[in-house]
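A quick write-up on the structure given underneath.
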Amino acid sequence: MRFLGFLNKKLRRVLLIAFDVFCFAFINISFYVSVNIVDSPLSYDLRTYIDNACLMAIFIFGVRFILRMYRNIWRYSNTRVYFKLVWADCFSGILAIFCSRIFSIYTGVWHFIIVTSLNALLTLLSRFTYQLLYRWSNQRSAEKSKKINIAIVGAGQLGASLAEELITNPNAHYNPVCFIDKAYGKIGNSVSELPVYGEDRLSEFVELLDIKEFVIAIANADSNTLNMLYERYSNFGCQVKIYDSPLQDNGNEFKKVIRTFQIEDLLFRNPILIENASSLDYYKGKTILVTGGGGSIGSELCRQIAKCRPNKLVIFEIYENNAYDIEQELVRKYGEKLNLCVEIGSVRDRKRLDEVFKIHRPDVVFHAAAHKHVPLMEHSSSEAVKNNVLGTYNTADMAEKYEAEKFILISTDKAVNPTNIMGASKRVCEMIIQCRTDSNTNFAAVRFGNVLGSNGSVIPLFKKQIEQGGPITITDKRIIRYFMTIPEASQLVMHAGKMAKDGELFVLDMGKPVKIYDLACDMIRLSGFEPEKDIKIDEIGLRPGEKLYEELLMKGEELDKTENDLIFIEHDAPLSRAEVDSKIKVLTDAVESAYGIGNADILKNAIAKVVPTYKTCEAVNSCAEKSEEMKMVNT
C-alpha cells in the first residue's frame, strides 16, 4: 500500500507538471497567433519566437524545481506559497530576458512580460480553483457525514487558521459555521467565507445554525479572559472548548488542537513559565538523586530531569508501586538512552541512605520524600517528625558526607506560620537546610502552594465526587489556597536547583489565592453540570490543624529578586547547626516520650518550643478575615 501511495504521489506530481506545461504552451501559442493575425508591431519570426519560448520554459520550470514548488500540497497552500510562486516566475522572466540578449534572440520586453504574467496568473487560477473545489467537496461531505457544527470565538489569525484547517480537512470532526467576535470592524464581514457575528444575537444564531460547540481561538488569552468566556458561552447549553496546545508536557513541541477545558485553564492567574535552556543545561551529564521519586512532584521531577540527558538518574522511593510506575514510563520513553536506577528504601534509614549515596555519589539531590496530609499527620504526629524532620536530616547528612554539589528541599506554604504538625515539621526541615551555610554542598529549599492534580489534592477528590453524582464536600466555603500545576512546581524546583547556594529559601510569586468553593464550582461546570443545582456542595467543617488561608512568606522578612522575576529569596535569619540540633533533640525526645501512650499533646508542646511561629488553628482562623490573603480574594 505504501508503494501504491508513492506511485500516486509521483503520478499527481507528473500530471501537475504536464498541466503547467500545457498552460505555458497554450499561452505562447495564443500570444503568437494573436499578434501575427492582427499584424501587430509585436509580430515575431516563428523560429525566434520558439527559441524564446523554450528559453522561458527552461527558466520558469527550472526555478520552480529548484524552489521545490511541485512538492507543495496545493489544497492546503497559503498566501506565502502563492507569493513564492509569483516571485519565482517573475525572477525566471528576468533571467530569460538577459539570456535572450546574450544569445541574440531578444524579441522585446513585452513578449516576456505578457507571457510570464499570463502564465503565472493561469497557474494561480488553477491552484485557487483546485482549493475551492476541494473545499466545496469537503463541505458537501460534512453535510452528509453529520459533522459537529461549531462557532469559533475569535475572528483573528488563530481563528482563521483553525477554520481553514477544518474546512480543508475531509477527516475533521468539526464543521465551522461562523465566527463570533466583539470587534465592531469585524462584525458583519466574513473570514474564510464564514460570517462574523457579534454577541448581541448569539442565542438566535445558536438555534438557527444548529451550533453544538463553541471553540475559543484567541491567541495568548489569560486565565481571566478564559474564565469570562467559558462562563458566558456555557450558558447556551453547548460545550465550550479551546483551540490550544495540550497541557501535558512530554518534552515535545505540540501542535494546537481542539481540546476540552481543564481546571488549569481556569486558574485565576496566567501560567508561570520558569524553565529555560540554561537551567536544563545545568543537569546535563550529572548524577541526580530524587527521594520520593514516585510521588506527584518527585515523578514529574524525574520526567523533567530525564529530558536533560543526565549521566544517571537515581529514584529513591519507599513505595515500590509508585517507583515501578515511573520506572516503566521512563524506560518506555527513553530505553537505554537514560541511565536509570531505582532504589527502594526509606529516608529514615541512615544505613540504607548511606549505602545508596556511596554507590551512586549523586551530584544533585532533590528531596521530595515527605508525609504531607495534614489531618493524618495530626493523628500520627510522631510519624511526621520521624519521616519529615529526621528523614530530611539524614538525607542532608549523606549529601554532605558524599560531597553532593546541590541539595534541594521541597517545602510548602504550610510551613509559614504553621497551625498543624505537618506544616511545623516542614518548617523544621527548612531550618535544617538554612543552617548549613558553611557546607561544601549548596543547600536550598523551595516553597510553593497546593499542586493541582497531585496525589491527595482536592482535584482528584472533586472529580471522583462529581462522577458519583455529588455532593462535593469542602471544609469551609471561605477557605482559600494558592495553586500551581505539577509542571510549574517541578520547573520551579529545577530552576532553584541551578541557582541554589548558602541555604536559600526560594518563594514563587503565585498571584492571588483561590477560593476552594470557586474551584469546586468550576469543576462542576467543566463536567457539564450546574453547581448547587445538579451537583450540591456541602460544608463539612475544618479538619484538625487546618486554617482558612495559607501564606507563602514570613511576615516582616525582606525578599530579594532572582534572575527570574517570579522567584524570590526569603531572608529568614538562619540558626546555627548547634541550635538546630538542639531543636531536633527536643522533637526526638518528645517522640520517645509519646511512644506507647499516643499522647499528641506531648508532640504539640515540643513543636511549639521548636517552631516559634507555630499557633493553634483556632487562634489563626478567628482573625482570618483581617489577613492580607483573605482580603486579596474578597476584593
Relative pair counts by distance (%), Cα atoms of the range 317-438, 10 Å bins | 12, 39, 34, 14, 1
Near residue 464, which lysines are there with a Cα under 16 Å away, not counting those fewer than 8 places off in the same chain?
-> 536
Once phi is turned into ³J(HN,Hα) by the Karplus curve 6.51 cos²θ - 1.76 cosθ + 1.60 with θ = phi - 60°, what whole-Hz value does each residue of the range 50-67 show in order, with x for glycine and proline?
-> 5, 4, 5, 4, 5, 4, 5, 4, 4, 6, 4, 6, x, 5, 4, 5, 4, 7
Relative contact order %, the range 304-453, counting alpha carbon pairs below 8 Å whose residues are six or more apart | 20
Mind listing the phi-derived Karplus ³J(HN,Hα) values for the range 149-164, rounded to whole Hz, using 6.51, -1.76 and 1.60 with θ = phi - 60°, and x for any glycine or proline?
-> 6, 10, 10, 8, 8, x, 9, x, 5, 5, x, 5, 5, 5, 4, 4
Computed FRET efficiency, Cβ-Cβ of residue 67 and residue 224, R0 60 Å: what is it to the nearest 0.05?
-> 0.85
Of the listed pairs 372/401; 307/401; 533/626, which have alpha-carbon separations greater than 30 Å here?
-> 533/626
Quick calc: nm separation of the 7 Å Cα→Cβ label points for residue 586 and residue 193 -> 7.8
Accessible surface ranking that places the most exposed of 127, 348, 201 first, with a 1.4 angstrom probe | 201, 348, 127
Reach of residue 10 by Cα under 27 Å, taken over lysines that are not fewer than 8 positions away in the same chain = 84
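The values are calculated or read from the model by the stated rules, or taken from the named source; none is laboratory data. What you are looking at is a predicted structure, and each value in this text was computed from that prediction instead of being measured. For neighbour counting, all protein chains shown are included, and Cβ atoms are generated from backbone atoms with ideal geometry for every residue, glycine included. The accessibility values were calculated without ligands, DNA or RNA, using every heavy atom of the protein model including side chains. Shrake-Rupley method; radii C 1.70, N 1.55, O 1.52, S 1.80 Å.
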